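Let me begin by presenting the structure, written as structure tokens, before commenting on it.
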Amino acid sequence: EECVPVLETISGLQYNKDFFVGYSPERINPGDKEHTVDKILKVTSGSTPEIGAEVDALYNQVITAGTHLAPTIRVAEAAKVIENSQRDINIAFVNELAKIFNKLDINTHDVLEAAGTKWNFLPFSPGLVGGHCIGVDPYYLAQKAQEVGYHPEIILAGRRMNDSMGSYVAGEVVKLMLSKDISVKNAKVLVLGMTFKENCPDVRNTKVIDVISNLKEYGVTVTIYDPLAHPDEVAQEYGVRNLKVLKKETYHAIVLAVAHNEFLSLNFEKLLEPQGVIYDVKGVLGSRADKRL
């Protein structure tokens, strides 16, 4: 719908007569050294059954995990969109649970661990949902649905929930500081991580910026530390600059926003002011954190 008309216009050739199209949605998991491109089963498709078979045969030469030939390009693209939409909705569900259980003074991760003992319970954790796929693809599906006269309720509700988590986390951090009698205005807060996921330098559509922006609205002075994110790229995209090396300073609060391996071995005691607090968005610090999402 987007590319083929452009190809026809520029080339002067006729689609499916003078040229053909093959399509295979990407399934790369950034930062994942185990599930590399050749180890992830590939969905393939073509603009005709014959071209689909050619595209499938091409990918079969390099994809050791195998391929799945979809009947049409539209089916292949729809599959890609719902893979990410499904994950988005599942994360939105546990994010809502985290908000509920926080009010009930129940540890969300303990609940998920207990529920996870059932064989068919899906393992998802609360957190910030960014990146170039999960936080974007549901809008493509929602737009197409609206174009044909259907208003998607669950898809957009999931998006609203996940897009709200940055402000929620910032509010929880401020509440935690106030509970320890820490003056919020001009307080120094260290945010650990700027990328959209752990152990990966990708900052596309990172929702950590929402946490940072909301903390600044409370009058907090924010320092960002991420040894993987490129400071120039972060500055260009978001107007803030991250440190790649920590300075010898102490902070009134630390927010672990991204679970980079480097962060797990940090000496938090040396980084904190007396009575300083740690908020663990990712739930990886255990008892070292004062509070988890």
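The values are calculated or read from the model by the stated rules, or taken from the named source; none is laboratory data. Worth saying up front: this structure is predicted, and the values here are computed from it rather than measured. Every residue, glycine among them, receives a Cβ derived from its backbone with ideal geometry; neighbour counts consider all protein chains shown. These area figures cover heavy atoms from the full protein model, side chains too; ligands, DNA and RNA do not enter into them. Shrake-Rupley method; radii C 1.70, N 1.55, O 1.52, S 1.80 Å.
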Average accessible surface area per residue within the range 151-293, 1.4 Å rolling probe, Å²: 47
Charge context of A157, other residues only, Cβ under 12 angstrom, K/R +1, D/E -1: -2
Two-decimal Rg to Rh for the range 221-284 - Kirkwood Rh, Cα set: 0.96
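Given the rule -39500 (n - 2.57) for each run of at least 4 DSSP H residues, summed and divided by the residues of the chain, what is its mean residue ellipticity at 222 nm, to the nearest 500 deg cm²/dmol?
-13000 deg cm²/dmol
With the Cα gyration tensor of the range 79-123 giving a ≥ b ≥ c as the square roots of its eigenvalues, does the rule (a/c under 1.5 for rounded; else a/b larger than b/c for prolate; else oblate) give rounded, prolate or oblate?
Details: a/c = 4.71, a/b = 1.58, b/c = 2.99.
It is oblate, given that a/c is not under 1.5 and a/b is not larger than b/c.
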Amide proton proximity set for S125, modelled H, under 5 Å, gap of 5+: none
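Rounded to a whole number, what % of the accessible area of the chain do carbon and sulfur atoms account for, probe 1.4 Å? Intermediate values should be presented prior to the final figure.
On the way: 8870 of 16060 Å².
Carbon and sulfur together cover 55 percent of it.
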Estimated vicinal HN-Hα couplings, Hz - the range 35-47 in sequence order (Karplus 6.51, -1.76, 1.60; Gly, Pro = x): 8, 7, 4, 6, 9, 10, 4, 9, 7, 10, 6, x, 6
Heavy atoms of L293: accessible area, 1.4 Å probe, square angstrom to 10: 10
For H68, residues with placed amide H under 5 Å, excluding near neighbours: K42, V43, T44
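Per residue, what accessible area does the range 18-142 have, given a 1.4 Å probe and all protein chains present, in Å²?
Working: 7140 Å² over 125 residues.
Result: 57 Å² per residue.
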Candidates per chymotrypsin sites (Phe, Trp or Tyr not before Pro) in the range 41-149, loop by DSSP, up to 10 other Cβ within 10 Å: W119
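Would you list the membrane-span-like helices of the chain, meaning whole DSSP H runs whose alpha-carbon atoms span at least 30 Å along their axis and whose mean Kyte-Doolittle value is at least -1.0?
Working: long enough: 73-103 (46 Å, 0.02).
Length and hydropathy pass: 73-103.
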Rg in Å to one decimal, and Dmax rounded to a whole Å, for the range 143-192 via C-alpha atoms: 18.1, 54
Cα shape, the range 186-227, gyration tensor, a/c 1.5 rule: oblate
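Cα convex hull of the chain: mean projected area in nm², to one decimal?
Numbers: hull surface 75.8 nm².
Over all viewing directions, the chain projects a mean Cα-hull area of 19.0 nm².
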Accessible surface of C133 - all protein chains present, 1.4 Å probe, nearest 10 Å²: 20
Enclosed volume per residue, in Å³, of the convex hull spanned by Cα atoms of the range 155-287: 114
Solvent-accessible surface ranking, highest first, for S24, S179, S213 at 1.4 angstrom: S179, S213, S24
Spatial extent of the range 26-145: Rg and Dmax, with the Cα atoms as the point set, Å: 18.1, 59
Rounded to the nearest 10 Å², the accessible area of S47 at probe 1.4 Å: 30
Net +/- balance of residues flanking E50 in space, Cβ distance below 14 Å, scoring K and R +1, D and E -1: -1
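Taking GluC sites (Glu not before Pro) as candidate sites, keep only those in a DSSP loop with at most 14 other Cβ atoms within 10 Å, then name the longest stretch of the chain containing none of them. Don't skip to the answer; put the middle values down first.
On the way: sites that count: E1, E2, E26, E34, E249.
Value returned for the longest uninterrupted segment is 35-248.
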